[in-house]
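Notes follow the structure.
The values are calculated or read from the model by the stated rules, or taken from the named source; none is laboratory data. Worth saying up front: this structure is predicted, and the values here are computed from it rather than measured. With ideal geometry, Cβ positions are generated from the backbone for all residues, glycine too; neighbour counts draw on all protein chains shown.
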Amino acid sequence: MTTKMPVSTASPTKLDLFLDRLAARCLSGRLIFALDATMSREPTWDQACELQAEMFGEAAAVGGLEISIAYYRGIECRASEWATDADQLGKAMRSVACVGGYTQIAKILDHARRTHDKTPISALVFVGDAVEESLDALCGRANELGSRGVRCFMFQEGPDKQAEQAFREIARLTAGAFCRFAPGSAQELGALLRAVAVYAAGGLKALQGKKEAVKLLEQLK
């Protein structure tokens with residue numbers, strides 16, 4: 001059963017300021033889409049595959065966005081090649097099976113930093129449900145990304161308080177955004193991911209007229 005997220009009461013003025021701040025810093029059109037692929041995510045992994053396909057398709061309609069998938073599972077932490085083709089990226093993601101293991105968010109943040117230092121990226125999107133690493137260590141890495149102008153959009157599945165604290169801090173330190181959604185809330189997460197992808201591809205103008213996207217962006221803290 002799908003549980004809807006509470007609608008934010010953020011004022012239009014605050015939302016406009018939030019979007020303007022993002023617009024001023026989102027220029028490169030390259031997005032890392034990172035996921036926790038440990039066993040706790042297995043029940044919703046197929047759903048995530050469908051959502052990323054929608055996200056890539058929406059971004060493709062705007063044009064100009066390259067996406068790389070990054071994920072961790074077991075003792076692995078891997079990333080795909082950059083691509084603009086939704087089918088290619090979807091195939092890469094569907095080939096991943098969830099494996100038990102601890103979280104490796106630090107490695108994802110390190111990967112984003114190294115990638116950006118070679119060729120700038122516009123944002124990092126992360127979807128996960130847990131944090132088992134030192135908050136101080138994660139904040140240190142987030143500060144490195146923030147100093148480089150790389151924003152982290154942190155999407156938390158489920159109610160874990162430790163994960164929420166870490167995700168919020170990473171988002172804050174990178175001038176990014178945080179949103180928590182209920183397990184199985186495909187519609188809400190899908191709209192958020194599409195909004196971020198469209199924004200990364202086309203900036204603020206690309207979001208104009210997309211009422212659903214703006215409404216959901218109001219929920220980003």
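Among residues of the stretch 165-184 being among the aliphatic types (A, V, I, L, M) and surrounded by fewer than 21 Cβ atoms within 10 Å (Cβ to Cβ), the one that is modelled with the lowest pLDDT is Ala182.
Entry remark, the stretch 149-192: residues being in contact (Cβ under 8 Å) with a residue 40 or more places away in the chain and among the aliphatic types (A, V, I, L, M) number 8 in total. Scanning the stretch 42-53 for residues that are of a type in the set (A, V, I, L, M, F, W, C) and at pLDDT 80 or above turns up nothing. Selection of the stretch 136-148 for residues being surrounded by fewer than 17 Cβ atoms within 10 Å (Cβ to Cβ), closer than 15 Å to Arg114 by Cβ and in contact (Cβ under 8 Å) with a residue 24 or more places away in the chain yields only Arg148. Criterion applied to Gln162, Gln187 was being farther than 19 Å from Ile32 by Cβ, of a type outside the set (A, V, I, L, M) and at pLDDT 95 or above, and the one residue passing it is Gln162.
I'm trying to understand the selection: among the residues of the stretch 98-111, which are surrounded by fewer than 19 Cβ atoms within 10 Å (Cβ to Cβ) and either free of Cβ contacts under 8 Å to residues at least 40 places away in the same chain or under 11 Å from Cys49 (Cα atoms) (or both)? Passing the criteria: Ala106, Lys107, Asp110.
The set of residues in the stretch 79-112 that are modelled with pLDDT under 95 and over 18 Å from Arg30 (Cβ atoms) comprises Asp87, Gly90, Lys91, Arg94, Ser95, Val96, Ala97, Cys98, Val99, Gly100, Gly101.
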